[in-house]
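Below you'll find the structure, written out as structure tokens, and then a few comments.
The values are calculated or read from the model by the stated rules, or taken from the named source; none is laboratory data. None of these values were measured; they are calculated from a predicted model. Here the Cβ positions follow ideal geometry from the backbone for every residue, glycine too, while neighbour counts run over all protein chains shown.
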Amino acid sequence: MTAVRIPAVLRPAVGGEKELDIDGATVGEVVNTLAERFPSLRDQLLTGDGQLNRFVNVYVNGQDVRYLDGLGTKVEPRDEVRLLPAMAGG
């Protein structure tokens, strides 16, 4: 299973958990499984057509998936996936 780190802003949607173990061979499978288990996350993580929301950064072992294969980025058991929603401010 892949360890998915949940930032504080998303923890209320996952029952306060800081980390969840999610099955999946790709980032897309992991994110979709997470969204299925916690439906309130779907709109925060994915667009209507199933792509990553542009305001969410996803990292696999510290590497931004936007510079890898996006949702097709392969993950191995015990890889770390971090979800980081962009924060606006001024």
Among (1) in contact with a helix residue (DSSP H, G or I) (Cβ under 8 Å, 6 or more places away or on another chain); (2) buried (at least 18 other Cβ atoms within 10 Å of the Cβ), the one test that Asn32 misses: (1)
Those residues of segment 29-50 which are out of contact with any Asp or Glu (no Cβ under 7 Å at 6 or more places or on another chain), closer than 21 Å to Leu68 by Cβ and either of a type in the set (A, V, I, L, M) or modelled with pLDDT of 95 or more (or both), in sequence order: Glu29, Val30, Val31, Asn32, Leu34, Ala35, Leu45, Leu46
Thr26 vs. criteria of a type in the set (S, T, N, Q) and either over 16 Å from Leu71 (Cα atoms) or more than 12 Å from the chain's Cα centre (by Cα) (or both): no
Cross-chain or 6+ apart pairs with Cβ under 6 Å, segment 51-68 first and among the polar types (S, T, N, Q), then part of a strand (DSSP E or B) and modelled with pLDDT of 95 or more: Asn61/Glu80
Cβ pairs under 8 Å, 6+ apart, first in segment 1-27 and closer than 15 Å to Asn57 by Cβ, second among the β-branched types (Val, Ile, Thr) and assigned to a loop (DSSP other than H, G, I, E, B): Val27/Thr73; Val27/Val75
Which numbered condition Glu19 misses (of (1) surrounded by 17 or more Cβ atoms within 10 Å (Cβ to Cβ); (2) out of contact with any Leu (no Cβ under 9 Å at 6 or more places or on another chain)): (1)
